[in-house]
Amino acid sequence: MKNIFKIFLIILLSLGIGYGIAKFNLVPNFLSPNKQESKNELYVCPMHPTYTSDRPGDCPICGMRLVKKERKEGSGNATIVERKMKQEGAFKLEIDPDKQQYIGIKVTKTIKKDAIKEIKALGTIVPDETKLAHIHTKFSGFIHHVFADYEGKLVEKDQPLFTVYSPELVSTQEEYLLALEAEKKLKGNKFPEIDKAQSSLLQAAKRRLELWDISSEQIDNLRETKQVTKELTFYSPVNGFITKREAFEGTEIKPDTTLYDIVDLSKVWVFVEVYEVDLPLVMIGQSATVHFQYGSEKPFIGKITYISPVIEPTTRTTKVRLEVNNPGYKLKPDMYVDAVILSDIGSQVVVPTRAVIDSGERKIVFVKSGKGEFTPQEVELGPEINDERVIYSGINEGDEVVTDGNFLLDSESNLETALQQMKTLGGHAGHMM
């Protein structure tokens, strides 16, 4: 068993040494055909300029003959990416400035600015429930004449809707007139109790008419004319559109019969679906812009007045309500609109979105720490704003970060980690052998 384990370690070490020779051109000096040429010359593939070698030969990628190129002073034995460990243990990647253009590395400086997040959501128009009126009577009767005769009609406050004939209403009016006549005849008698009782009877008849929604003007007209009205006219209590009509001529009605639904659409509600990841940026009182999905209509401005306390389990969204003024009634119930909620995050450091490498467990950016030197830096991400990403911590304003070619740097740093672990394993294996 020990022999098998030793053989396995020898194979593993051989593979590691072979990989190091292939990757880093680790050829002993006595095997080099021309020591001086190896020190001062560099061979590059014409088709793959990122591949270089210290010795003449063929490109292992395409098979073309390598072309000799003078090595610049100070580059030493640098390959495309030289790696070294920083004193604190983090990786620092060194890239020859002449090689950066081959692999397309570009950097940009981080900036600090006022970040405003635009949260876009689909919205639906619904009527304002606080401006919805249900029209019905408080007594039984029959509809005699209808003025508001179709759904969708725009009516104004105090505009007549229909007239009702009710035997109960007629008898109550007669009681009121009799009480008026009795008060007139018995006024000034010698018995105050009779005056008090008669006054109470008159007030009771009047209160009954008022409880049936008979207006003060109608009661005053009854007092003056002494004529019983067989038909009572009902008026609209609000401005709005008729969305439901059950009032037809000759229809018998009861107190529980809803005859009209009238809704005021001068102000409407917009319910939008906001994803849960954006909820921390949404709060009551924020303004929002409502856009039509067609045409070039001017957008409307609304305000958040309600946030639902629950999340839809299938869509992972929450309903947010906007209140929007609706001049001209252009916003119609059940219409789809696009809403944009603006959230001011404050002054933050931002970088281009493509500069961030998100592996799920870590979020890193590569910071230029010197000429040709790049260091991976773990950062705490904020929200994404257009093509930029807010950085809460990890880098500072003015740092130069890699925006193009950063995935190549990330792969190189991961390779160095694997090589370092192999080197450690090789050292332990040597002790064991």
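The values are calculated or read from the model by the stated rules, or taken from the named source; none is laboratory data. Bear in mind the structure is a predicted one, so any value in this text is a computation, not a measurement. Positions of Cβ are generated from backbone atoms using ideal geometry, with glycine treated the same way; all protein chains shown enter the neighbour counts.
As a summary of the residue check, I304 satisfies the conditions (1) in contact (Cβ under 8 Å) with a residue 40 or more places away in the chain; (2) surrounded by 13 or more Cβ atoms within 10 Å (Cβ to Cβ); (3) not acidic (D, E) except for the one numbered (1).
What about D338, is it under 30 Å from V263 (Cβ atoms) and outside any loop (DSSP other than H, G, I, E, B)? Considered against the rule, which asks whether it is under 30 Å from V263 (Cβ atoms) and outside any loop (DSSP other than H, G, I, E, B), D338 comes out as yes. The residue list S140, S166 contains one member that is surrounded by 15 or more Cβ atoms within 10 Å (Cβ to Cβ) and out of contact with any Asp or Glu (no Cβ under 7 Å at 6 or more places or on another chain), which is S166.
Every residue, every condition in (1) modelled with pLDDT of 90 or more; (2) of a type in the set (K, R); (3) part of a helix (DSSP H, G or I), yes or no:
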| position | (1), (2), (3) |
| --- | --- |
| P237 | no, no, no |
| T243 | yes, no, no |
| E273 | yes, no, no |
| V277 | no, no, yes |
| T289 | yes, no, no |
| I301 | yes, no, no |
| Y306 | yes, no, no |
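Within segment 227-247, the residues that satisfy the criterion of being among the charged types (D, E, K, R) and either surrounded by 15 or more Cβ atoms within 10 Å (Cβ to Cβ) or more than 47 Å from the chain's Cα centre (by Cα) (or both) are K230, E231, R245.
Determine if segment 256-271 includes at least one residue that is surrounded by fewer than 12 Cβ atoms within 10 Å (Cβ to Cβ), over 16 Å from the mean Cα position of the chain (by Cα) and not in a strand (DSSP E or B). The answer is yes, given that some residue of segment 256-271 is surrounded by fewer than 12 Cβ atoms within 10 Å (Cβ to Cβ), over 16 Å from the mean Cα position of the chain (by Cα) and not in a strand (DSSP E or B).
Within the bounds of segment 203-225, is there any residue that is in a strand (DSSP E or B), over 50 Å from the mean Cα position of the chain (by Cα) and surrounded by fewer than 17 Cβ atoms within 10 Å (Cβ to Cβ)? Within segment 203-225, not a single residue is in a strand (DSSP E or B), over 50 Å from the mean Cα position of the chain (by Cα) and surrounded by fewer than 17 Cβ atoms within 10 Å (Cβ to Cβ).
Condition first: among the aliphatic types (A, V, I, L, M), without any contact (Cβ under 8 Å) to a residue 24 or more places away in the chain and outside the structural domain of S296 (by TED's automatic domain parsing). Now tell me which residues in segment 307-364 satisfy that. Correct list: empty.
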